[in-house]
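Below: the structure, in structure tokens.
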Amino acid sequence: MAPALSGTLGASSVAALRPCAARRAPSAASSVAPRGSGAARCPRGGVRWEAERSRGRLVRVRCDAAVTEKPAGEEAAEEKFEYQAEVSRLMDLIVHSLYSHKEVFLRELVSNASDALDKLRFLGVTDSSLLADGGELEIRIKPDPDAGTITITDTGVGMTKDELKDCLGTIAQSGTSKFLKALKENQDLGSDNGLIGQFGVGFYSAFLVAEKVVVSTKSPKSDKQYVWEAVADSSSYVIKEETDPEKMLTRGTQITLFLRPDDKYEFADPSRIQGLVKNYSQFVSFPIYTWQEKSRTVEVEEDEEPKEGEEATEGEKQKKKKTITEKYWDWELANETKPIWMRNPKEIEKTEYNEFYKKTFNEFLDPLAHTHFTTEGEVEFRSVLYIPGMAPLSNEEIMNPKTKNIRLYVKRVFISDDFDGELFPRYLSFVKGVVDSNDLPLNVSREILQESRIVRIMRKRLVRKTFDMIEEIAEKEDKEDYRKFWESFGKFIKLGCIEDTGNHKRLAPLLRFHSSKNEGDTISLDQYVENMPESQKAIYYIATDSLQSAKTAPFLEKLVQKDIEVLYLIEPIDEVAIQNLQTYKEKKFVDISKEDLELGDEEEENKETKQEFTLLCDWVKQQLGDKVAKVQISKRLSSSPCVLVSGKFGWSANMERLMKAQTLGDTSSLEFMRGRRIFEINPDHPIIKDLNAACKNEPESTEAKRAVELLYEAALISSGYTPESPAELGGKIYEMMAIALGGRWGRSDTEEAEATTTGEANAEADSSEGTETEVIEPSEVRPESDPWRD
């Protein structure tokens, strides 16, 4: 079927059409339908008319005509139509839906001014007459708080009347894009990558804060100056010729924004404009001047009054000078700092990098390291990255993926510093720097970095360069810099071991830990592996809450005797990081506080010793019940009587302590993940030997059973666990002390009798039930000797 033809006709036109339809289809069935039907069918001619009456006398008529089938091989006729848009609705979407923050209007307008200056500079290479008059290439911004306006003036290329209609009168028509396209078509001229505009909607961001915008422009190609004027929420604009001699421009464009009442007080403030320029357009290649209030000291003369009793004539009066502060308005350069990343790294001194870092990120300490690089190929961008001299002071900035440490620029114009891990992973959020690229995939508002393959490639290269920078610090002969880095950012590197499994090979060599052979300083995993004896097959570690508790842990005794080095994991994140690494240089990480510890060169167990203490192990297990999974002879103890080790697949004592301390921890999984506990005894210790004798000779001894209970709870504490009832444990210790110390230093019989009587009285008082305690109220009668009596 051919496309339907439709139109709006008057009633007379419809009446004229009906006979035509009838002539084409004279049968009764094809006659014009009555008014109520609204349709007329003509089956023989394949024509169908539909008439719909609308308000007034207008009637919409639709004609569907069947086209005779064409022979095979011939293509059906087709028509091309263009999309239409409702201008006012489109403008509303551009102004109120594209941008998240109103302040970006200044960035867009300054970028447009920069493009105009760039175009003029480029065209001036072949036609120097364009630069003959008009002064320096610059941008000036003048806010007027009283009038509620902002005026942005540039000395760029300007626009003719046709260009005004083409660029400002056509939405999403980018003059910069057309200029670049023309340059590319002319191979002799090449292209200028310094131009910023892409989408053709940045100008309309002015309506975010302005209720009226007036553009006055003068092009070197024209002798006339034109004014473009538009009001917000309107679908039309006005262009007129400028006739006021006082408003004439030599060259360029002047944009005046009449601010809305709600935005007048914020954006007409000169200091606010200065801050926005420094934030967004600091590195625009042309000077940007803002109108600022300044102060200066001047000397003025004043007449000195004569002293009392003295009269002086007018000629004898002395003139005295004094200094006063005078306020005045003047232009101030807002973009003094130059984009250091655009220069050759070989030409830049270290002091220049440090100064740029301090100014850009408001730091007072020099960075520990920096790297300056340019990436070409599939993705092209320039970057300067820094490692700060100290860790963030605020706890909120630690491990925060949304830190404002990476500033993204597109063609030297600031885009955003609010990222959620797109350019850097969370564990490298402490790195500061700038990234400038010409081909980043941004949305139209230039505020959101869209996820794409280009972004993933950029992220990978930025991470790789950051690792190179950290490794350079680690490989320096002076270890002081890396010690500072590790104290400040060691937690971040450990977090990387948990979150970034793909970079384990680069993260693991950067780790540093205290060890049983290096308590004062830290060592790397490479140093540990180099110091390992050939017979050692694993990397041993112990996780505790402090360095002191790690040094005195009973798990270390046998390993220290055999000169085996043990790593001390004393920070909460350490154990999780090591468990995620699992191995390093084909050496497994082994927790010495867990069961089945293999030391590599173990001697064969003495079967006689095992048989001798089998009965004791069973007896102790019977006394402890479900508190332990089993009791066995220990291979790791030399001086301690016993130790409590965790199961192979359960939490260690340190991990159990950490999980209990979690504010939002799941207590229901605590019992399940805690795993079993194994009670290991040292057969060479005197206490164990005494208990072995008690087990064989007097297994029902109350003292022996109490000793086993106390031994277990002491092992709980020494092994890093928390006793369930500390007060009960304290009572048992006091009781054992009383037994051990009773009468040793010759206590008198009287004191002993009093102590016995007191103890019996206290026991009777505790055992008595139903006795009411007498409460004695304080006396309200005060004696005369009371010094506080009124």
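The values are calculated or read from the model by the stated rules, or taken from the named source; none is laboratory data. Since the model is a prediction, treat every value here as computed from it, not as a measurement. Because the Cβ atoms are built from the backbone with ideal geometry, glycine has one as well, and the counts that use them run over all protein chains shown. With ligands, DNA and RNA removed, areas are computed over all heavy atoms of the protein, side chains included. Shrake-Rupley method; radii C 1.70, N 1.55, O 1.52, S 1.80 Å.
When the solvent-accessible area of segment 511-591 is split by element, carbon and sulfur atoms take up 44 percent of it, the probe being 1.4 Å.
Each peptide among 466-478, 546-558 gets the average number of other Cβ atoms lying within 10 Å of its residues, and from highest to lowest they stand as 546-558, 466-478.
Report note on the peptides 359-372, 505-518, 205-218, 523-536: ranked by the mean count of other C-beta atoms within 10 Å, highest first, their order is 205-218, 505-518, 359-372, 523-536.
The dipole here belongs to segment 523-565: it is taken about the Cα centre, uses +1 on the Cβ of Lys and Arg and -1 on the Cβ of Asp and Glu, and is about 180 debye. Exceedance of the 27 Å cut-off in Cα-Cα distance is limited, within the set LYS627/LYS648; LYS432/LYS505; LYS432/LYS491; LYS460/LYS491; LYS221/LYS338; LYS359/LYS494, to LYS221/LYS338; LYS359/LYS494. So if R0 is 41 Å, what FRET efficiency would GLU519 and GLU347 give, r being the distance between their Cβ atoms, rounded to the nearest 0.05? Using R0 = 41 Å, I get an efficiency of 0.30.
Taking label points 7 Å from Cα along the Cα-to-Cβ direction, SER549 and ASP223 give a separation of 9.1 nm. Based on Cα atoms of segment 508-558, Rg over Rh with Rh as the Kirkwood radius reads 0.95. Per residue, the accessible area of segment 215-310 comes to 58 Å², computed with a 1.4 Å probe over protein heavy atoms only.
The residues of segment 511-591 expose, per residue, 46 Å² of accessible area to a 1.4 Å probe. Per-residue surface analysis assigns LEU276 an accessible area of about 10 Å², computed on protein heavy atoms at 1.4 Å probe radius. Among the lysines of segment 511-591, pairs that are 8 or more positions apart or on different chains and have alpha carbons within less than 17 Å of each other number 9. Our Cα-only numbers for segment 511-591 put the radius of gyration and Dmax at 11.6, 31 Å.
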